[in-house]
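Only one structure is covered here, and it is reproduced in the block below.
Since every read-out is calculated from the coordinates, none of them should be taken as a lab result. Computed from a prediction, not measured in an experiment: that's the story for all the values here. Every residue, glycine among them, receives a Cβ derived from its backbone with ideal geometry; neighbour counts consider all protein chains shown.
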Amino acid sequence: MAIPNHPGLDRRTAPRLKVHLGCQLTVERIKHEAFIKDISPTGALLLSSFMPPPDADVLIKIETHLIRIPIVLEGKVVRRDSINTEQGPVGVFAVKFSRNSPALMLLVNKIVNPQIV
């Protein structure tokens with residue numbers, strides 16, 4: 001995200017990795033399906049037919065063949081928007097993670113370097 005009056009300057013502390021990972025999003029103990037569009041060690045951009053409330057605390061669960069254990073990430077919704085698709089409106093929202101996750105770092109490394117076993 002560019003800083004106003006400073007085009008091209010990025011406030012992110014970690015680079016984003018473009019992905020298309022299915023995940024389960026839990027908000028207020030209710031589970032929803034979502035897709036992660038991009039991810040970094042500090043946050044993610046998600047798409048879902050469900051739009052979480054502003055500043056909502058969320059739980060994101062990722063299960064993938066790339067690693068054997070599910071990854072569970074806690075965070076807070078920091079930005080929200082919506083887009084229109086052929087299937088109807090879709091929520092697009094950014095989540096900032098509450099803490100670092102070694103399992104997420106392992107997944108990111110396996111996506112960037114698929115030859116890692």
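Each Cα pair under 8 Å and six or more residues apart adds its sequence gap; the mean of these over the residue count of segment 13-112 is a relative contact order of 25 percent.
Modelled spin labels at residue 50 and residue 37, positioned 7 Å past Cα toward Cβ, are 1.9 nm from each other.
The GNM of the chain, with springs linking C-alpha atoms under 10 angstrom apart, assigns the highest mean-square fluctuation among 42, 26, 64 to 64. By other beta-carbon atoms within 10 Å, ranking 95, 19 with the fewest at the front produces 19, 95.
Around residue 90, what is the net charge, scoring Lys/Arg as +1 and Asp/Glu as -1 over all other residues with Cβ under 12 Å from its Cβ? Before the final figure, lay out the partial values.
Working: positive: 37, 80; negative: 33, 81, 86.
Summing Lys and Arg as +1 and Asp and Glu as -1 gives -1.
Please work out which option in (1) 2.25; (2) 1.08; (3) 2.14 gives Cα Rg over 2.2 N^0.38 Å calculated from these coordinates, and answer with its label. So the calculated entry is the one marked (2).
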